[in-house]
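K.L.:
This is the structure I want to talk about, given as structure tokens.
The values are calculated or read from the model by the stated rules, or taken from the named source; none is laboratory data. Since the structure is predicted, the reported quantities are computational estimates derived from the model, not experimental observations. Note that we place each Cβ from the backbone using ideal geometry, even for glycine, and neighbour counts take in every protein chain shown. Remember, those area values only see protein heavy atoms, side chains included, never the ligands or the DNA or RNA. Shrake-Rupley method; radii C 1.70, N 1.55, O 1.52, S 1.80 Å.
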Amino acid sequence: MTEKQDIPQIRERIDQIDDTILELLKERLDCAKAIGLLKNESNRAKWDPQRELEIYERLRKNNNDIFPYKALRSIFHEIITTCRLSQRKATVGYLGPEATFSHLAGVRYFGQTAEYQPMESIGEVFEEVEKERVQYGIVPVENSIEGAVTYSLDAFLKYKVKICGEIQLAITHNLVNRSGNIEDIQTVASHSQPLAQCRNWLRKHLPKIPTLDVFSTGTAAQMAANNPNVGAIASSLAINTYNLQVVIPGIEDYQGNTTRFLVIGRKSPKKSGYDKTSILIGLINRPGALNEILTILSAKNIDLAKIESRPTKDKQWSYMFFLDMLGHIEDPVIYEACNILRQICAYFELLGSYPRADDINLNGDID
């Protein structure tokens, strides 16, 4: 059998497989809608993170390392999210305008079928979630190179929301403009974080070109689309959204640069078995107060994933502490530790228990 005869036959089989997949996807969607109706009758939560992790684990085992797992996980993430949103469509607020890295992070987490609403500031994202004008918000909280995103941490001191999830994505910053020619660039615009993450590259390759700090990478992309002399540091999503050309891809100074985003809402999900719990505490003003907290956690063998301090704003030299612990508030050891901290801290707030991000999320462009 010749190659010309083989290819049409194989393609015909591929078409048959695709048609079968499509019919099964439609059947899966019908099943998800039926489950949604049953959950409505019993007033159960639409999102079951433990069930999702069980699906991914079953698929991983059944795959036997034949289909690339990252791609498999990505495909089924979109399928699962689409089916879940058929029960109730999610509205997601993010730092706008369209095609910012926060927008891209939202798409990676919630899939293409959610409704995305751009906000003018991180504070507005928190406010819209608190007032339930959007169901979820997605905000950057820390970068592996530049550290904490203080705007987001400070917002937790002001707004009453819960952390529902997290996503960690590797950063790839692109220098873009209208023409694709570096000679046309007279100003480089971006958010302060990407500018900082690319400062060495900019100093070496564009030493005489001034930088402009704007409130989002989407704003910078819009500026580049409207002005041929403006270059932007922006996401891959911005390239297509604003019809821009890539001048130089990957201009970040450090490989492995990653940003962690938090998903905020009004209620944290149930236990998944692979969780993180975040709390906000204020200490009584006495020597050794912080050491006492850490000793309690250590004695209970609780892994502390992060500790970050922020000034309280209303009192000089007074600080609040953000702590991330591995585990869920439904775990007895986490529950007991939090009860103790409530009693000995001047202030205690449970920010949420939620599924931890895993390494499968570490790909793509984000800030």
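K.L.:
Need the failing condition index for Ser42 against (1) under 30 Å from Thr219 (Cβ atoms); (2) among the hydroxyl-bearing types (Ser, Thr, Tyr); (3) modelled with pLDDT under 85, just the number.
P.N.:
Of the numbered conditions (1) under 30 Å from Thr219 (Cβ atoms); (2) among the hydroxyl-bearing types (Ser, Thr, Tyr); (3) modelled with pLDDT under 85, the odd one out for Ser42 is (1).
K.L.:
With surrounded by 19 or more Cβ atoms within 10 Å (Cβ to Cβ), of a type outside the set (A, V, I, L, M), within 19 Å of the chain's Cα centre (by Cα) and outside the structural domain of Ser144 (by TED's automatic domain parsing) as the only criterion, which of Ser235, Ser278 stands out?
P.N.:
Step by step, each of Ser235, Ser278 is checked, and only Ser235 is surrounded by 19 or more Cβ atoms within 10 Å (Cβ to Cβ), of a type outside the set (A, V, I, L, M), within 19 Å of the chain's Cα centre (by Cα) and outside the structural domain of Ser144 (by TED's automatic domain parsing).
K.L.:
Return the pair list, or none, for Cβ contacts closer than 6 Å from residues in region 128-139 that are over 11 Å from Lys267 (Cβ atoms) to residues that are assigned to a loop (DSSP other than H, G, I, E, B) and open to solvent by 30 Å² or more (accessible area, probe 1.4 Å), at least 6 apart or on different chains.
P.N.:
Close Cβ pairs satisfying both conditions: Glu130/Lys160.
K.L.:
Here is a follow-up. For region 111-154, name all the residues that are of a type in the set (A, V, I, L, M) and within 27 Å of Ala196 (Cα to Cα).
P.N.:
Met119, Ile122, Val125, Ile138, Val139, Val141, Ile145, Ala148, Val149, Leu153, listed by residue number.
K.L.:
I'd like to know if region 71-93 contains one or more residues that are out of contact with any Asp or Glu (no Cβ under 9 Å at 6 or more places or on another chain), modelled with pLDDT of 85 or more, assigned to a loop (DSSP other than H, G, I, E, B) and not small (Gly, Ala, Ser).
P.N.:
Within region 71-93, not a single residue is out of contact with any Asp or Glu (no Cβ under 9 Å at 6 or more places or on another chain), modelled with pLDDT of 85 or more, assigned to a loop (DSSP other than H, G, I, E, B) and not small (Gly, Ala, Ser).
This table checks each residue for (1) acidic (Asp, Glu); (2) outside the structural domain of Thr100 (by TED's automatic domain parsing); (3) at pLDDT 90 or above; (4) farther than 30 Å from Pro249 by Cα.
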{"site": "Asn285", "(1), (2), (3), (4)": "no, no, no, yes"}
{"site": "Gly288", "(1), (2), (3), (4)": "no, no, no, yes"}
{"site": "Ser298", "(1), (2), (3), (4)": "no, no, yes, yes"}
{"site": "Leu304", "(1), (2), (3), (4)": "no, no, yes, yes"}
{"site": "Asp324", "(1), (2), (3), (4)": "yes, no, yes, yes"}
{"site": "Glu336", "(1), (2), (3), (4)": "yes, no, yes, yes"}
{"site": "Asn339", "(1), (2), (3), (4)": "no, no, yes, yes"}
{"site": "Leu350", "(1), (2), (3), (4)": "no, no, yes, yes"}
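K.L.:
Could you check how many residues of region 27-38 are open to solvent by 100 Å² or more (accessible area, probe 1.4 Å) and either within 29 Å of the chain's Cα centre (by Cα) or under 18 Å from Lys89 (Cβ atoms) (or both)?
P.N.:
1
K.L.:
Any idea which of (1) within 19 Å of Ala99 (Cβ to Cβ); (2) assigned to a loop (DSSP other than H, G, I, E, B); (3) touching a helix residue (DSSP H, G or I) at 6+ places or on another chain (Cβ under 9 Å) is the one Gly180 doesn't satisfy?
P.N.:
Among (1) within 19 Å of Ala99 (Cβ to Cβ); (2) assigned to a loop (DSSP other than H, G, I, E, B); (3) touching a helix residue (DSSP H, G or I) at 6+ places or on another chain (Cβ under 9 Å), Gly180 violates only (3).
K.L.:
List the strands (runs of 3 or more DSSP E) that sit entirely inside region 107-176 and contain at least 3 residues that are crowded, with 20+ Cβ neighbours inside 10 Å.
P.N.:
136-143, 162-170
K.L.:
Those residues that are surrounded by fewer than 21 Cβ atoms within 10 Å (Cβ to Cβ) and of a type in the set (A, V, I, L, M), I need them from region 252-275; list them, please.
P.N.:
none
K.L.:
Right, next: Out of everything in region 212-231 that is under 22 Å from the mean Cα position of the chain (by Cα) and touching a residue at least 40 places away in the same chain (Cβ under 8 Å), what residue ends up being surrounded by the fewest Cβ atoms within 10 Å (Cβ to Cβ)?
P.N.:
Phe215
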